[in-house]
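Working notes, structure below.
The values are calculated or read from the model by the stated rules, or taken from the named source; none is laboratory data. It should be emphasised that the depicted structure is a prediction, and the values quoted were computed from it without experimental measurement. Using ideal geometry, Cβ is built from the backbone for each residue, glycine included, and neighbour counts are taken over all protein chains shown. Just so you know, the surface numbers come from the protein's heavy atoms only, side chains and all, with ligands and any DNA or RNA stripped out. Shrake-Rupley method; radii C 1.70, N 1.55, O 1.52, S 1.80 Å.
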Amino acid sequence: MGGRLEIDDLHVNFGQAVILQGVTLSLDRAPLSLVGRNGMGKSTLCHAIMGMVAAQKGSVTLDGRPLLGLGPSRVARGGIALVPQGRRMFPSLSVHEHLLLVAGRTKGAWTVERVYETFPRLAERRRNGGNQLSGGEQQMLAISRALLMNPRIVIMDEPSEGLAPVIVDHLIETLRAIAAEGMGVLLVEQNMRVATSVSDQVAIMVTGQIAATMPARDLEADRDAQRRYLGVSHGH
Amino acid sequence: MSLQFMITVTLNGLTLAALYFIVASGFSLIFGLMRTVNMAHGSLYMIGAYVGFAVFDSLYASNATADYAWYVGLLAGVAAAAVAGVVMQVVFLGWMQGQELRQALVTIGLSIIIADQLLAHFGGNPFQFFAPDALFGPTPVPVIGRYSTFRLFQIGLALAVGVGLWLLLNKTRLGIMVRAGVDDRQMLAACGVNVPLIAVATFALGAGLAGLGGVVGATAQPVALGVDVKFLLTSLVVVIVGGMGSIGGTAIGAILIGVAEQWGQALFPTYSVILTFAIMVAVLAVRPQGLLGRTGR
Ligand SMILES: Nc1ncnc2c1ncn2[C@@H]1O[C@H](COP(=O)(O)OP(=O)(O)OP(=O)(O)O)[C@@H](O)[C@H]1O
Ligand SMILES: [Mg+2]
């Protein structure tokens, strides 16, 4: 498990709008957090890696294999799973069906049984629809859906968004456990507490570029850098 | 008005509704997953009828007692329509996914070409299948005495199609994928599912249902050129009334339209066509998404 994800000089435009302008980033064994203000292009980067939006220039490779142009299903089968921003549940599917959709297609540590052991809440709600869950339950399901693909790298786009603080604590535990097992984790976060609890390194995105990569502790301690890059005076 | 008359007219309506349901459920399935308004759906119905009949006719000509001719013709009609649907999706529609207007125009073009080709190859004479012995003649029915066996079979077949579709969509992995694709195609792809392949399978199924309708319809009544437009329009009306992409809605829409059409013909033949559209307008005015349709995506 785990893999080396290399993003090199990645450019993405939406028509006239330039969204990513030369993102270079690499992810290896250690989890990495990506932080940045609203609208800086974090989600666009996630989508470009997955092949959900087209890139104009640059490259994305997983263990040396190029991913750009493959399209999302082959990127996913190639070992990258996405927990998308806003969770994107399938309203027509029950909890259990969300898991069946992805289960069993890859060999690996994650099985439906293990998901239910890890998240007993989902087992209780297995017959409920994807949209009948609380935010925290939805996030667990979105994460489970990604884990069941037994990916080498899981990309999480703002998983803590809209969750109550206690749920966020649980989320942090989950993410740390996933990373500790050796799965690569690219964590997009606006919540500094989550970012710094999960990864030692933090990359900062500003207007479609990686402005800096630094130890999470340093960013945590540096109020000035936080204000400059994140527009916050305090990790919210 | 006698009770006998009322039951007969209603049964006729349900028979028609059964045929509409078989055809329109295919239309609805394709629309639900791909948002493709397949304006060639009536042509797929015709392909089923014509190709099925060509196979049936050659078997029947060689041995008129061959009871299997109808069943073989049925399979051939379904298969021909399914193959035609797959070709349409793979060659034309797949790569314009999401461009609904372009797809609608392309399928209109295809429907014109298909109609001309069928005319060129099979000629313009009306034709009709002979139902196999098991489905031929009348069956005793309480109150009204007797009723066409084939028409009763038609209702049973529609029920079987409805139950089959429900099982497929709700109890199989393919069904889970199709429903997930209706919700969010891109996220389905990001789950590692080959969405274009699912789309082709769905198109084959939807087109096959049109072909099934073609053979059944051409057994119940003679078929001639022009039925493609009739069945396209009916499918459109049925799914608009019932709600686009909902199988249950399609069933309700088909029953409403089929029964209304027969009662309209029985009571005021001259204006019966208007009734269908009056129902559509009324539903659109009150529930624009159709009776069982969901709003938005
Ligand atoms: N499909 C699209 N078409 C045009 N512009 C888009 C599209 N998707 C995103 N954008 C624009 O690209 C920019 C970056 O968006 P993106 O969602 O990547 O930001 P983000 O960093 O994830 O923000 P947030 O923290 O709010 O999620 C924004 O200005 C957004 O308006
Ligand atoms: Mg985002």
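Annotations
- Counting the residues of the range B:129-167 that are open to solvent by less than 50 Å² (accessible area, probe 1.4 Å) and under 20 Å from the mean Cα position of the chain (by Cα) gives 12.
- Out of B:G206, B:G243, B:G214, one residue alone is at pLDDT 95 or above and either among the charged types (D, E, K, R) or closer than 16 Å to B:V37 by Cα (or both). It is B:G206.
- Tallying residues that are within 18 Å of A:L163 (Cβ to Cβ), of a type in the set (A, V, I, L, M) and away from ligand 1 (no atom under 16 Å from the Cβ) within the range A:177-215 yields 4.
- Checking each residue in the range A:173-205 for being buried (at least 16 other Cβ atoms within 10 Å of the Cβ) and either assigned to a helix (DSSP H, G or I) or out of contact with any strand residue (DSSP E or B) (no Cβ under 7 Å at 6 or more places or on another chain) (or both) picks out A:T174, A:L175, A:I178, A:A179, A:N191, A:M192, A:R193, A:V194, A:A195, A:T196, A:S197, A:V198.
- Selection from the range A:33-63 of residues that are away from ligand 1 (no atom under 16 Å from the Cβ) and in contact with a strand residue (DSSP E or B) (Cβ under 8 Å, 6 or more places away or on another chain): A:K57, A:S59, A:T61, A:L62
- Taking the range A:64-88 as the range and being aliphatic (A, V, I, L, M) and within 16 Å of ligand 1 (Cβ to nearest atom) as the test, the residues that pass are A:L82, A:V83.
- Per-region count, the range A:79-103, residues under 26 Å from A:I49 (Cα atoms), small (G, A, S) and more than 9 Å from chain B (Cβ to nearest Cβ): 3
- Condition met for B:M187 (closer than 30 Å to A:R87 by Cβ and open to solvent by less than 20 Å² (accessible area, probe 1.4 Å)): yes
- Residue in the range B:82-97 that is touching a residue at least 24 places away in the same chain (Cβ under 8 Å), within 14 Å of chain A (Cβ to nearest Cβ) and open to solvent by 40 Å² or more (accessible area, probe 1.4 Å) present: yes
- Extreme residue, least open to solvent (accessible area, probe 1.4 Å), among residues of the range B:35-54 that are of a type in the set (V, I, T) and at pLDDT below 95: B:T36
- Residue list for the range A:4-63, filter: away from ligand 2 (no atom under 16 Å from the Cβ), without any contact (Cβ under 8 Å) to a residue 40 or more places away in the chain and surrounded by fewer than 16 Cβ atoms within 10 Å (Cβ to Cβ): A:G15, A:Q16, A:S26
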